[in-house]
1. Just checking, does segment 20-31 include any residue being over 18 Å from His80 (Cβ atoms), in contact with a Phe, Trp or Tyr (Cβ under 8 Å, 6 or more places away or on another chain) and modelled with pLDDT of 90 or more?
2. Would you confirm whether or not segment 126-136 contains a residue that is loosely packed, with under 13 Cβ neighbours inside 10 Å, hydroxyl-bearing (Ser, Thr, Tyr) and either under 22 Å from the mean Cα position of the chain (by Cα) or at pLDDT 75 or above (or both)?
3. Report yes if Leu13 is touching a Phe, Trp or Tyr at 6+ places or on another chain (Cβ under 8 Å) and either among the polar types (S, T, N, Q) or closer than 30 Å to Leu114 by Cβ (or both), otherwise no.
4. For segment 75-91, how many residues are among the small types (Gly, Ala, Ser) and either under 21 Å from Leu21 (Cα atoms) or out of contact with any strand residue (DSSP E or B) (no Cβ under 9 Å at 6 or more places or on another chain) (or both)?
5. For segment 81-108: of the residues being surrounded by fewer than 15 Cβ atoms within 10 Å (Cβ to Cβ) and within 12 Å of Leu2 (Cβ to Cβ), which is farthest from the chain's Cα centre (by Cα)?
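The values are calculated or read from the model by the stated rules, or taken from the named source; none is laboratory data. Note that the structure is a prediction, hence the values are computed from the model and not measured. A quick note on method: Cβ atoms are made from the backbone with ideal geometry, for glycine too, and the neighbour counts reach across all protein chains shown.
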Amino acid sequence: MLGDAIKCVAAELRLVDLSILVRSVILEQHANIADLVASSSELFFVEGTLKYGSRAEVDLNWGQMPAVILDLEFSHMGVHVNFGLTLKSFNACIDIHAISFDGASRSPQENTALLKAALADARYDRTDHTAARIIAEEARAQELRAVMALQEAERRGEKSMA
């Protein structure tokens, strides 16, 4: 539910040059990151409902694609969700840290309905998901190029072994 709601924001964030995003995280330029998150969410969410949570990290490992993890906060209609958004080359995922609701305790079903309503109310109705479409097409193209390069390398390796 939350992942579906913010996938366009993740796609917009992936349009930011990776070196700029990584530099901002490493140098702890939280105001810059907050601005990037605000800019990426302004087309999809009511202003102030999705914010940067002042914590970020970069996951760089040899032989793996880099990942940028941003802590974000969603707050609307008395629903508050703190979560991590992990951005990778071809996908994104979320890790919910905490969910809280204003007011008296309700049943889990009522809380889920309230979360769903808050997400729907905070999102702008956008049928044009240009950034998400561009990212998906580019990811598919990169993946295809990588597979073709691997196949070519294997083919060359087989020829040199013969």
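1. First, pick out the residues of segment 20-31 that are over 18 Å from His80 (Cβ atoms): 20-31.
Going one step further and asking which of them are in contact with a Phe, Trp or Tyr (Cβ under 8 Å, 6 or more places away or on another chain), we end up with 30.
Right, trim to modelled with pLDDT of 90 or more and you get 30.
The answer is yes; a qualifying residue exists.
2. Initially, segment 126-136 is screened for residues loosely packed, with under 13 Cβ neighbours inside 10 Å, giving 126-128, 130, 133.
Filter once more, so that each one left must be hydroxyl-bearing (Ser, Thr, Tyr): 127, 130.
From what's left, either under 22 Å from the mean Cα position of the chain (by Cα) or at pLDDT 75 or above (or both): 127, 130.
Scanning segment 126-136 turns up at least one residue that is loosely packed, with under 13 Cβ neighbours inside 10 Å, hydroxyl-bearing (Ser, Thr, Tyr) and either under 22 Å from the mean Cα position of the chain (by Cα) or at pLDDT 75 or above (or both).
3. On the way: touching a Phe, Trp or Tyr at 6+ places or on another chain (Cβ under 8 Å): no; either among the polar types (S, T, N, Q) or closer than 30 Å to Leu114 by Cβ (or both): yes.
Taking the combined requirement at face value, the residue does not satisfy it.
4. Just the residues of segment 75-91 that are among the small types (Gly, Ala, Ser), to begin with: 75, 78, 84, 89.
Then drop every residue that is not either under 21 Å from Leu21 (Cα atoms) or out of contact with any strand residue (DSSP E or B) (no Cβ under 9 Å at 6 or more places or on another chain) (or both), which leaves 84, 89.
Residues flagged as among the small types (Gly, Ala, Ser) and either under 21 Å from Leu21 (Cα atoms) or out of contact with any strand residue (DSSP E or B) (no Cβ under 9 Å at 6 or more places or on another chain) (or both) within segment 75-91 amount to 2.
5. So the residue we want is His97.
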